[in-house]
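A short worksheet on the structure shown next.
The values are calculated or read from the model by the stated rules, or taken from the named source; none is laboratory data. Source: prediction; values computed, not measured. A quick note on method: Cβ atoms are made from the backbone with ideal geometry, for glycine too, and the neighbour counts reach across all protein chains shown.
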Amino acid sequence: MKRLGQAPNIAIAQLWVDMLRDQGIDANMQRYFLNGAAGDLPPDQCLPEIWVQDDTQFDRAKLAFADLQRMPQHNWVCQACGERIEGGFQQCWNCGTDMP
Ligand SMILES: [Zn+2]
């Protein structure tokens, strides 16, 4: 298992993991459970990280991850339900409405 990189928050980490899995890469999120229970750990130790389970997929995962990080991070508010959407989602995670 190899560490791919850090995500700025859990929502984005989950999105990236899902998108990597869509490409057949066995990715998962680590450390997010430390949020809120971190104690004396420096803040950057609490950020979610993306790990790749299968080392043979790592090079491909690195390329895909670079693409994800370049993706614009839209922040927008859903007009249907008022939910605030962050992290490049094209659809409201609450009600499924497309980005305006
Ligand atoms: Zn919505």
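Considering only residues that are aliphatic (A, V, I, L, M) and touching a residue at least 24 places away in the same chain (Cβ under 8 Å), which ones fall in region 49-81? Residues satisfying the conditions are Ile50, Val52, Ala61, Ala64, Leu68.
Applying the condition of being surrounded by fewer than 14 Cβ atoms within 10 Å (Cβ to Cβ) and under 16 Å from Leu15 (Cβ atoms) to region 84-97 and asking which residue is farthest from the ligand (Cβ to nearest atom) yields Gln90. Screening region 50-83 for residues that are assigned to a loop (DSSP other than H, G, I, E, B) and within 16 Å of the ligand (Cβ to nearest atom) and picking the one that is modelled with the lowest pLDDT gives His74.
When Arg31 is tested against (1) at pLDDT 70 or above; (2) at negative phi, exactly one condition is not met: (2).
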